[in-house]
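Here's the structure we're looking at; comments come further down.
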There are 2 protein chains.
Amino acid sequence: MEVIPRIDPPLRTLLGPGPSPVHPRVLQVMALPVIGHLDPAFLRIMDESMEMLRQVFQTKNRLALPMSGTGSAGMETCFVNLIEPGDAVLVGVNGVFGTRMVDVAQRCGAEVDTVEAEWGAALEAEQFHAALSRRSYKIVAVVHAETSTGVLQPLEEISRLVHARGGLFLVDAVTSLGGAPVKVDAWEIDACYSGTQKCLSCPPGLSPVTLNERAVETVRRRKHKVQSWYLDLSMIEKYWDSERVYHHTAPISMNYALHEALRGVLEEGLTSSWQRHRQVHEAFIREIQKIGLEPAVAGPIRAPMINAVRIPPGIDDARVRQRLYDEFNIEIGAGLGPLKGKIWRVGLMGHGARVENVELLVHALRQLI
Amino acid sequence: MEVIPRIDPPLRTLLGPGPSPVHPRVLQVMALPVIGHLDPAFLRIMDESMEMLRQVFQTKNRLALPMSGTGSAGMETCFVNLIEPGDAVLVGVNGVFGTRMVDVAQRCGAEVDTVEAEWGAALEAEQFHAALSRRSYKIVAVVHAETSTGVLQPLEEISRLVHARGGLFLVDAVTSLGGAPVKVDAWEIDACYSGTQKCLSCPPGLSPVTLNERAVETVRRRKHKVQSWYLDLSMIEKYWDSERVYHHTAPISMNYALHEALRGVLEEGLTSSWQRHRQVHEAFIREIQKIGLEPAVAGPIRAPMINAVRIPPGIDDARVRQRLYDEFNIEIGAGLGPLKGKIWRVGLMGHGARVENVELLVHALRQLI
């Protein structure tokens, strides 16, 4: 076989559904020498990251830590730890990630019912009310920012309904965390997971997860072992907690990156970060409308960090995206499932949520459509 | 809360059970800008990494790819994909990782029997022969280099016995891959997993896995879905294969690192890497004997990359390890389970397997014991 050369990745402007552009200060710490997962210096990094995660999740939860996998591992973590075979679970489905939740919950042996909406629409609290009146659910799970559709799902009313019936409220905040308010305590979210590669300006590879005491107690009172050893929080929390019992070798460099990314978010200020995402999103909508493009999602439920844009009739979807790569080094995302060929997905996330990126992309699109 | 400063990890010489020292060229690529997981440039990196993994695993298997988690995720990948509820599984247990295999297999619903040996001893082929005469097993699983004891398990005879009875042979090569021969095809290993943070000189975070056609066929013929969505190879192979169907967002930077680490191993040459690990190991044994220390494992079954050293009577285990950190910036590992307080574990792995590290550690130990 010929010798494979060193990688030389192109310099892309990442304006797709993730990964988002990583802040240079985060890239820098990735190259720092690795230390051991039980080194006192690493244990301090873990403690600090937990403390910063609590701030970003807006929670006082003791359990707030990064799982050693991507966002989907965080989703699986919440389901495998909270579900036992035969448990009733209600999932809101209006995109890829709600659909994935159903699949994951079923693989845990749950009896899953769904509340559904068209892809691109939000779920209505009334639908949850109706479902919760028919049956009692151990867990009700909803995606906050549906990356596949660009919808930001209102959560507070659903949370009240779930708790009125005694259920646990589980929220996917993979794409929203850091880019829009995710108020775990104020909104009474019992379990929440996210990813590093969206609004935290960090490479993909870890999944921040937080559970409140009610959720932790549910894990503690399980009759059966968690079906995943790798994602078993009862063991993982002993490593992250003061006991420091070895579970698996933490991905050291990724944890360096998350630490620095969280520092960046908190240095800017969480509220400022939310505002920046909102402002850049509004600028984006204004600018695309000037070149005849339209957002695919209704105004009040648009996720600021992930924008669905209608592909105009007669435009070759794949060709435009390929030309954006080839001629402008810009990545945007394709539509998925029923939205394939109908929308583009433009992520303005984390370090990428800047007005100059809006200008760059709109300038390029103007030439391609 | 006070402002948390940027991390400043100490410069350790990592001579514990892993993570091992990461080669500077690997650290460098970690800091390269991130690209998307469907970027044509990333797809090429994936193809090249698969090709290099095949070489390192010494296999022609089509399926050879890194799972997006650490070595334990690779273990779980093999078990969740190959086991269906009620399957009979035989596991060799003579340390932490064999014990972990039992736990993982049981969580998959397997009926698990074990073949056991004292921690620090190897399993005997005769034991497998006896167990396989009593019962038929779908899978027989063995750890190659038991990181908790320093034993390198001979595999070829066990492989013959397993295949004579029609079972699948599953091998944990987390610690051995790259540092000692792991001949997947020649030894007829049906499924094998490893980690990046041992003899590949890469940070922890990915788990290379390979399955041969017989194992892949077993996954394909499953009656039930794989219980883990995140680790479901039937979906993951569609992303790594030519179909490129999105599954989860690959940890881009970690995949950069693995690509560069594999390049490093193949540039040195796999055989040269095995020889270097062997020679440095032999130098280590010679040098510790000069200062009155003894290896805890019998000569013929010593794993070259992970050395168990008997702690002499009257020596304060924890204090020596702490002083190695504090005064010499050296990490070595403690004993686990029944070997706690009885052995130190000295890893001479990957980039760390160099004579100067032997000299550095022996020089330090001479002053501390």
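Structure notes:
- Scope the stretch B:288-336; condition charged (D, E, K, R) and over 19 Å from residue B:356 (Cα atoms); matching residues: B:294, B:302, B:310, B:316, B:317, B:319, B:321, B:323, B:326
- Among the residues of the stretch B:81-91, some residue qualifies, meaning at least one is assigned to a helix (DSSP H, G or I) and under 19 Å from residue B:228 (Cα atoms).
- Remark: pairs (first residue in the stretch A:40-52, of a type in the set (Phe, Trp, Tyr) and part of a helix (DSSP H, G or I); second residue buried (at least 17 other Cβ atoms within 10 Å of the Cβ) and at pLDDT 95 or above; Cβ separation under 8 Å; 6+ apart in sequence or on different chains) = A:42/A:35; A:42/A:36; A:42/A:250; A:42/A:252; A:42/A:255; A:42/B:9.
- Tally of residues being within 17 Å of residue B:114 (Cβ to Cβ) and either without any contact (Cβ under 8 Å) to a residue 24 or more places away in the chain or not β-branched (Val, Ile, Thr) (or both) across the stretch B:169-186: 3
- Of the residues making up the stretch A:72-85, none is buried (at least 20 other Cβ atoms within 10 Å of the Cβ) and over 30 Å from residue A:243 (Cβ atoms).
- Scan the stretch B:231-267 for residues that are acidic (Asp, Glu), closer than 22 Å to residue A:75 by Cα and within 12 Å of another protein chain (Cβ to nearest Cβ) and the total you get is 1.
- Residue in the stretch B:215-230 that is nearest to the other protein chains (Cβ to nearest Cβ), counting only those that are touching a helix residue (DSSP H, G or I) at 6+ places or on another chain (Cβ under 6 Å) and of a type in the set (A, V, I, L, M): B:226
- Test: residue in the stretch B:247-259 that is touching a strand residue (DSSP E or B) at 6+ places or on another chain (Cβ under 6 Å) and either of a type outside the set (Asp, Glu) or on the phi < 0 side of the Ramachandran plot (or both): yes
The rows are residues; the columns are (1) away from chain B (no Cβ under 11 Å); (2) more than 22 Å from residue B:207 (Cα to Cα); (3) in a loop (DSSP other than H, G, I, E, B).
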{"residue": "A:8", "(1), (2), (3)": "no, yes, yes"}
{"residue": "A:19", "(1), (2), (3)": "no, no, yes"}
{"residue": "A:65", "(1), (2), (3)": "yes, no, no"}
{"residue": "A:72", "(1), (2), (3)": "no, no, no"}
{"residue": "A:77", "(1), (2), (3)": "no, no, no"}
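- Taking the stretch B:103-119 as the range and being over 20 Å from residue B:340 (Cβ atoms) and touching a strand residue (DSSP E or B) at 6+ places or on another chain (Cβ under 7 Å) as the test, the residues that pass are B:105, B:106, B:110, B:111, B:112, B:113, B:114, B:115.
- Of the residues making up the stretch B:92-116, those that are crowded, with 23+ Cβ neighbours inside 10 Å, among the aliphatic types (A, V, I, L, M) and in a helix (DSSP H, G or I) are B:101, B:104, B:105.
- The condition of being more than 21 Å from residue A:199 (Cα to Cα) and among the hydroxyl-bearing types (Ser, Thr, Tyr) holds for only one of A:114, A:77, that being A:114.
- Residue in the stretch B:297-306 that is of a type in the set (Gly, Ala, Ser), assigned by TED's automatic domain parsing to the domain that holds residue B:345 and surrounded by fewer than 23 Cβ atoms within 10 Å (Cβ to Cβ) present: yes
- The residues of the stretch B:13-34 that are over 20 Å from the mean Cα position of the chain (by Cα) and small (Gly, Ala, Ser) amount to a single one, B:31.
- Here residue B:281 meets each of (1) within 30 Å of residue B:79 (Cα to Cα); (2) of a type outside the set (Val, Ile, Thr); (3) buried (at least 23 other Cβ atoms within 10 Å of the Cβ) with one exception, condition (1).
- When the test is whether a residue is out of contact with any Leu (no Cβ under 9 Å at 6 or more places or on another chain), assigned by TED's automatic domain parsing to the domain that holds residue B:173 and either farther than 24 Å from residue B:174 by Cβ or modelled with pLDDT of 95 or more (or both), residue B:363 does not pass it.
- Residues satisfying the stated conditions in the stretch B:21-36, i.e. part of a loop (DSSP other than H, G, I, E, B) and more than 7 Å from every other protein chain (Cβ to nearest Cβ): B:21, B:23
Conditions tested, residue by residue: (1) over 17 Å from residue B:347 (Cβ atoms); (2) in contact with a Phe, Trp or Tyr (Cβ under 7 Å, 6 or more places away or on another chain).
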position	(1), (2)
B:115	yes, yes
B:120	no, no
B:128	yes, no
B:188	yes, yes
B:191	yes, no
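The values are calculated or read from the model by the stated rules, or taken from the named source; none is laboratory data. These numbers were taken from a predicted model, which means no experiment stands behind them. In this analysis, Cβ positions are derived from the backbone assuming ideal geometry, glycine residues included, and neighbour counts consider all displayed protein chains.
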